[in-house]
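Here's the structure, in structure tokens; my notes come after.
Derivation of every value follows stated rules applied to the coordinates shown; laboratory data play no part. What you see is a predicted model; the values in this text were computed from it and never measured. A quick note on method: Cβ atoms are made from the backbone with ideal geometry, for glycine too, and the neighbour counts reach across all protein chains shown.
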Amino acid sequence: MIHSITRRSTLLLSAFCSLFITTDSFVYANDTASSSSANTESTTPPASPLSWKVPTLESWWNGDSGTAQWFGISPILQKGGLTFFGEAKEDYFGQLPGGGLPNQSRSNWTTEIKLKFLYDFKTLTGVEGLTFLSYWRYRDSENPGLAAGTSGPSSLFNPTNVTSGLGMRIMSQQFEYTTPDKAFTINAGWETPSDQFLQQPLSKLFANNNIISAKGIGGQAGPGIPVINKDIASSGGSPGVGLPLKGGVRFYATSPVPWTGSYSAWGATLNIKPTKEFYIQSGLYEAIAGATGVNPTQFTATSVYPYTSVPASYLGQMKDSKEITPVVGGNGQIIPGALQNLGWVAAYHNNHGFNFHGAPAFTPSAYVAVKPTTSSGGTIYGTASGSATYKNANGQYVASPSLYAASPYDQGGIGGGFSHNGLYNVNEIGWTPKFGSDKLEGKYAIGGYVWGQPNTDYTPTHYTVSVFNPKTGKIAYTSYGATKANPYVENQVVWGLYLQADQQLYRVHETGTSNTTSKGLSERGLYAFNELTFTPPKNNALPIYFQTGLVFKGPLAARPTDSVGIALGMGFYSSSFNAYTQSQNQQFENAVGSAYNATVPDGPIQQGTVNPQTGVITNGKTSSSPLNNYYAYLPNYTSTEVIEAFYKIQINKWVYFKPDVQYIINPAGNRTLGNDWIIGFSALVTF
């Protein structure tokens, strides 16, 4: 695997290559650049052709780049307007026992390599301020979030952001023009909105996904778009003609707001600065559903017993659409001989950012709520009551879920999600003052976004499917939920607001050092960053998020380029989301009052499948008596918090090593998992 090569060796390989190329770097024969700075260009034009010069190890180590300025050609290309920049980072995450999910590795590595090319058209055209940026990225990652248990509504709290957009990915490809006084900037092309707005450079020193990247934006946006199959044939359950089947419903997931560096789309951004301290910025982009792909899926705490009929031993394991598991009864015991098909699971996919055409047309499967009848799906078996199992290709008698949109059935759309193209608008107004004689820098901004993807509210609702006899194709009965309108509310967009308040609190007084700004002010000092986001709780599982952090640059006089920091991120879950969850708790697989159901005071989250194969085993034979297995309610979601601290050791100008610790509180968001302690480090080489 590629990762086996890059993991833990990326930085060593980069350093080795850097050392190797310094022995063969070529420079101008009369270049008078200082050996202590590889970025310093000679102001004297070459008097002779290129010749080879071997820099010293000291000049390489004290330079600005791990590759000795790109094999020595970077200064030459810069004269023609082209600048290269790259960095390679390796991260390690070690999770201590006691928290998160079992059956996953607690030791994980991630790799990220960035490469940027910036061309200044001034040399070619004489136009000052016109540039073109080409940005590419490579990621290879094990997933520490799988062990941490930060999935579902709490996935924004993953221990790292380097788990999406894996492989080689095309990032921003954009033209930009800036006036000489910086009062007007416009860029256009293939852009990444999160690289343009809500910029908090200090947050990038941390590792947790919410702090460094998501910032609370991008929570689960409603149950999804419902698709109802109303045309099921009376012969064998094939779609297209025949008997309408009320209540054959599947919710196709809506893409959340992609506040991530893995999302790029066609668009443009305009920034206007009426004064040096005040700016107004607006961006308009294409909203592309599913552009960041789908991550792997696993069994979470609420997808196994006591919440469902899946054995608890599956907790933390990965699952797919071919997953067949035993059946656990309401008493917690495995029912001998009973197997179940858990349903369709979106397969991992990643388009690598090359989705220039946008999202494909939405094509939901015509087989929503239809059992298989072909040899590929198996042969249906059942009773006159309409309860049924099917025999799959492996000869197993398997019970389908209540919604038969399950493996191996085609879901249509983009991996089972709702496919749509729309508009994505982000706006921000900011103030960047400098206070006092120490010129303490601040940034105060308010922004908002409108993500043009339809979604549905978290409105409490009950729905069930009609049960039909697979032999006759006729409805055995129509459920109560199928005869009433679903009270969901559909919205055409997702929107939210954010506030940012960053401020340097203290500046160390020192002069005559290299660690000073162009005006002689020390960069050492204490800095704070803060951010708050809000999204309507009817539309989002995580409507409120807040983060705050402190970073001290140059904490020790002997280590002026080191940094130390601590941050807190807190997300609060939606009461509407909990109300919707409770309504699903009270939903029956079969209708209230039917012959296959019983009245339970509060209602179960899941009732055992009613069919011969999951009946009571008597004398080695399966009885046709239906099960009455009632499982635990899904718990409500409360909040998730992360506390993170680091110490960044700046080894030289182009290498750093950063130990890091995270404490994730209530990682699943619903108190089903223990808290996580994650200890790790990152190492970065700039080249």
Over 30 Å between alpha carbons, listed pairs LYS116/LYS653; LYS273/LYS439; LYS89/LYS538: LYS89/LYS538
Residues with amide H under 5 Å from that of LEU673, placed H, sequence gap 5 or more: ALA668
Amide hydrogen neighbours beyond the local backbone of GLY218, cut-off 5 Å, H modeled: VAL257
Pairwise FRET efficiency - PHE85 versus SER575, Cβ, R0 = 56 Å, nearest 0.05: 0.75
Peptides 147-156, 320-329 ordered by average Cβ neighbours within 10 Å, highest first: 147-156, 320-329
Set of aspartates and glutamates with alpha-carbon distance to LYS182 below 13 Å, sequence-local pairs under 8 removed: GLU128, GLU277
Neighbourhood net charge (12 Å Cβ-Cβ; Lys/Arg +1, Asp/Glu -1) for HIS352: +3
Shape of the stretch 268-355, Cα gyration tensor, a/c cut at 1.5: prolate
SER437 paired with LEU497, simple spin-label distance in nm, labels 7 Å along Cα-to-beta-carbon: 4.0 nm
Spin-label pair ALA557/ASN652, simplified geometry with 7 Å Cα→Cβ offset, distance in nm: 2.7 nm
Spatially proximal aspartates and glutamates relative to LYS276 (Cα-Cα < 12 Å; intrachain offsets below 8 disregarded): ASP181
